[in-house]
Amino acid sequence: MKNIFFFIMVLTSLLSITAYSQTITTLPPIGNEYCAGTEIEVNYTASGNFGANNTFFVQLSNDLFATFENCPIIPGSSSSGKMRVNLPSGRTEGNKNRIRVCGSSPYIMGSDNGTDIIIHRIPVSIGISAHYYNERNKPINFSVPGNYYNQAYWDFGEGSNPRTGTGYYVQNVTYSTLGYKEINFEMKSSSNCSYNTKIKSNIKIIGCEIKIDSNAIIDSTIMKYYDGDDNIQLWILPNGSISCYTIGRICIIETGGSLKLDVAYNSEIYVKPGGSLIIEGNNYNSVIIKAYGSSVKIREDHGTFIDCLTLTYNYAAAPKKGIEILKAFGMLDVKENTESSSLNATPNPASDILHITGEPSTFPIRIYSQEGIKVIETEFKSDIDISALPAGFYIIQAGGSFQKFVKM
């Protein structure tokens, strides 16, 4: 009887050992540096008896499996001793990662791969340390979030200096040309882990000049409420006055023109000397390009200002109706935008008399205060009496030419 009992106990022990002797060994992967979200092959060995519905799967950890993530298995990739999985795309940057293969029936945790794995995070977006609008020849800094890229490559687009750059942070990029610029960024790791899709971003370079398009809308055709096409210019001529909730993307205000808005959002507004702009609400992410002698009043500003000693409008393609109106006001020289200005007012500073040379005598002389108020208008004279003006900064205009001077 004792022999039978002893035999049963031995048999039970052997069956128990067999049931709980499963082992899984995770083998080192090929390479030790990867990008988050990429596919890798995991090899392993398994011994012992597993359940009929057992599934092998892969876990990833950067703290010796105090915590871990499960890696999705590529459908159809599993076979005896190997499988292909995707590393989680949102994985945090790190160089202490390890993987292990586990079984589900019963739940068995295998050994880890034995060496640390470096995983590079996917860059989400380009962070530009400047507004969407930027001034020509003014330095701009470009960056991507964090400093975890081993190799980062930039192409800053047409007109940039430098054109290309490397590293996660590039300083003092300037642009010599105006318009939209496409910024391209690509990241590679030291093990040539790369992303096929470049990250793109756009900025716009602005300067003290604007070309008036042939389809520009003249103020006299605008209704009281205007929120037009972002790509169409609104052109406000002398004596033109618009009051509305908001505007489209680009607005061009001539001397003597006025624009009053409730809000400005992503707008580009040019204001010549003697032009007036009032924004009663927020100016959000807009750029105001204003000449000395213009009047700009904004209650809450979150945009960009560009101050111009001379603000040039190019009328080469402008609507004929607008050109005729400017000529009728005596504000447009047929040579404007084809020859450089020759207006010269001396002395500067001046106390009583300004001597004027350079411009043809067919143009009237106008002088504006810093607030954009016209304080003197007279036919062309070589000597202008300014003795009655209060001390301060002023703009003198003859035709399409302007000069800033100081009254003492």
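The values are calculated or read from the model by the stated rules, or taken from the named source; none is laboratory data. Only a predicted model underlies this, so the values are computations on that prediction, with no experimental measurement involved. As a convention, Cβ positions derive from the backbone with ideal geometry for all residues, glycine included, and neighbour counts pool all protein chains shown.
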- Under the condition of being surrounded by fewer than 18 Cβ atoms within 10 Å (Cβ to Cβ) and part of a strand (DSSP E or B), which residue from the range 259-281 is nearest to the chain's Cα centre (by Cα)? Tyr265
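Let's see how each residue does on (1) outside any loop (DSSP other than H, G, I, E, B); (2) out of contact with any Pro (no Cβ under 8 Å at 6 or more places or on another chain); (3) aliphatic (A, V, I, L, M); (4) in contact (Cβ under 8 Å) with a residue 12 or more places away in the chain:
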residue: Pro238; (1), (2), (3), (4): no, yes, no, yes
residue: Ser243; (1), (2), (3), (4): yes, yes, no, yes
residue: Ile247; (1), (2), (3), (4): no, yes, yes, yes
residue: Asn283; (1), (2), (3), (4): yes, yes, no, yes
residue: Arg299; (1), (2), (3), (4): yes, yes, no, yes
- Query: Would it be correct to say that Ala66 is loosely packed, with under 15 Cβ neighbours inside 10 Å and farther than 22 Å from His120 by Cβ?
  - Reply: yes
- Message: Whether any residue in the range 84-91 is hydroxyl-bearing (Ser, Thr, Tyr), within 15 Å of Ile119 (Cβ to Cβ) and modelled with pLDDT under 90 is what I want to check.
- Response: yes
- Message: Please go through (1) at pLDDT below 80; (2) small (Gly, Ala, Ser); (3) in contact with a Cys (Cβ under 7 Å, 6 or more places away or on another chain) for Gly110 and return the number of the only condition it doesn't satisfy.
- Response: (1)
- Message: I want to confirm something. Restricting to the range 69-96 and keeping residues that are out of contact with any Leu (no Cβ under 8 Å at 6 or more places or on another chain) and of a type in the set (D, E, K, R), which single residue is surrounded by the fewest Cβ atoms within 10 Å (Cβ to Cβ)?
- Response: Lys96
- Across the range 49-63, what is the number of residues that are out of contact with any Lys or Arg (no Cβ under 9 Å at 6 or more places or on another chain) and either surrounded by 15 or more Cβ atoms within 10 Å (Cβ to Cβ) or outside any loop (DSSP other than H, G, I, E, B) (or both)? 4
- Message: Among the listed residues Asp219, Asp213, identify the single one that is surrounded by 15 or more Cβ atoms within 10 Å (Cβ to Cβ), at pLDDT 85 or above and either in contact with a His (Cβ under 9 Å, 6 or more places away or on another chain) or acidic (Asp, Glu) (or both).
- Response: Asp213
